[in-house]
Amino acid sequence: MQKYKLTIEFDGTHFCGWQIQPTDVTVEQTLEDALTQILQQPVELVGQGRTDSGVHARGQIAHVELPNEVEIKKLIFGVNGMVGDQIQIVQAEKVASDFHARFDAIAREYEYTIATRCMPLHRHYAWNLRYPVDVSVLHVCAAELKGEFDFLGYSKFNEDNFTTLCEIQKSVFYEDGETIRYQIKANRFLRNMVRRLVGSMVRVAQGKLTYAEF
């Protein structure tokens, strides 16, 4: 068997996140089904981590073990054709047998987009705010997050968590026309953590929550 590192891009609008769920449609399940159908044998993907429902990815990393005789370019072409335009494997690289998509990752990075007005064409890719925010306050809040903290209060309970400590390496807002983008990079993220952090910072910037409470 040969292990491959896969780089995957997907539009998560109509998926219930990455990880396989008992009844919901997920990115991982869709890819595994396509691989299994083409190879006519069970295939297991291992992703670098979960994503929440509706989250998109430019570079989700996963690994998979495939028979040595597989023509990888032909296989990826077939999988991409089966899963449709919402998911695409953009790169497949041979890696050592001890490579692990989750445990070898040293950081993950998210970008959260806020629209400063209702923008119909961005409805699946941005949070449309209907009330103004003080961007200078967003900058102050974002800077407060750099370092290692316990984010239990900013995450949804997950019994699989061995710790709720996360080390934030990057936390910045920047303005881009009619949108405000938040970039956050950390060694790990908790379930719903990014959404809850952004929501809280926006509430501070709108005067609905004090900086001290945040």
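Let's see how each residue does on (1) modelled with pLDDT of 90 or more; (2) of a type in the set (A, V, I, L, M); (3) more than 19 Å from ARG195 (Cβ to Cβ):
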position	(1), (2), (3)
LEU138	yes, yes, no
GLU144	yes, no, no
GLY147	yes, no, yes
GLU167	yes, no, yes
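Does at least one position in the stretch 1-14 carry a residue that is at pLDDT below 95, open to solvent by 70 Å² or more (accessible area, probe 1.4 Å) and either of a type in the set (S, T, N, Q) or in contact with a helix residue (DSSP H, G or I) (Cβ under 6 Å, 6 or more places away or on another chain) (or both)? Taking every residue of the stretch 1-14 in turn, none turns out to be at pLDDT below 95, open to solvent by 70 Å² or more (accessible area, probe 1.4 Å) and either of a type in the set (S, T, N, Q) or in contact with a helix residue (DSSP H, G or I) (Cβ under 6 Å, 6 or more places away or on another chain) (or both).
If you filter the stretch 15-68 down to residues that are without any contact (Cβ under 8 Å) to a residue 24 or more places away in the chain and in a helix (DSSP H, G or I), you find that the one that is least open to solvent (accessible area, probe 1.4 Å) is GLU32.
Just one of the listed residues (LEU145, LEU197, LEU138) is surrounded by 15 or more Cβ atoms within 10 Å (Cβ to Cβ) and over 20 Å from the mean Cα position of the chain (by Cα), namely LEU138.
Would you mind stating whether ASP150 is under 22 Å from the mean Cα position of the chain (by Cα), open to solvent by 80 Å² or more (accessible area, probe 1.4 Å) and without any contact (Cβ under 8 Å) to a residue 60 or more places away in the chain? In short, yes. Based on what the data block shows, is PHE77 part of a loop (DSSP other than H, G, I, E, B) and of a type outside the set (Ser, Thr, Tyr)? Answer is no for this residue. The C-beta contact set for the stretch 126-145 (first residue free of Cβ contacts under 8 Å to residues at least 40 places away in the same chain and under 17 Å from GLY207 (Cβ atoms), second residue open to solvent by less than 70 Å² (accessible area, probe 1.4 Å) and in a strand (DSSP E or B), distance under 9 angstrom, 6+ apart or interchain) comprises HIS139/VAL172; HIS139/PHE173. Condition first: of a type in the set (A, V, I, L, M) and in contact with a Phe, Trp or Tyr (Cβ under 9 Å, 6 or more places away or on another chain). Now tell me which residues in the stretch 84-118 satisfy that. If the condition is that a residue be of a type in the set (A, V, I, L, M) and in contact with a Phe, Trp or Tyr (Cβ under 9 Å, 6 or more places away or on another chain), then ILE87, ALA92, VAL95, ILE114, ALA115 are the ones that fit. Are any of the residues in the stretch 80-89 open to solvent by 80 Å² or more (accessible area, probe 1.4 Å) and more than 30 Å from LEU138 (Cα to Cα)? Within the stretch 80-89 (the criterion being open to solvent by 80 Å² or more (accessible area, probe 1.4 Å) and more than 30 Å from LEU138 (Cα to Cα)), the answer is yes, since at least one residue qualifies. When the stretch 97-117 is limited to residues that are open to solvent by less than 60 Å² (accessible area, probe 1.4 Å) and among the small types (Gly, Ala, Ser), the one that is nearest to GLU65 (Cα to Cα) turns out to be ALA101. Screening LEU121 against (1) assigned to a helix (DSSP H, G or I); (2) surrounded by 12 or more Cβ atoms within 10 Å (Cβ to Cβ); (3) at pLDDT below 95 leaves a single unmet condition, (2). Going through (1) modelled with pLDDT under 95; (2) more than 24 Å from ARG50 (Cβ to Cβ) one by one, SER155 falls short only on (2).
The values are calculated or read from the model by the stated rules, or taken from the named source; none is laboratory data. Keep in mind that this is a model prediction, so the values were computed, not measured. Using ideal geometry, Cβ is built from the backbone for each residue, glycine included, and neighbour counts are taken over all protein chains shown. Just so you know, the surface numbers come from the protein's heavy atoms only, side chains and all, with ligands and any DNA or RNA stripped out. Shrake-Rupley method; radii C 1.70, N 1.55, O 1.52, S 1.80 Å.
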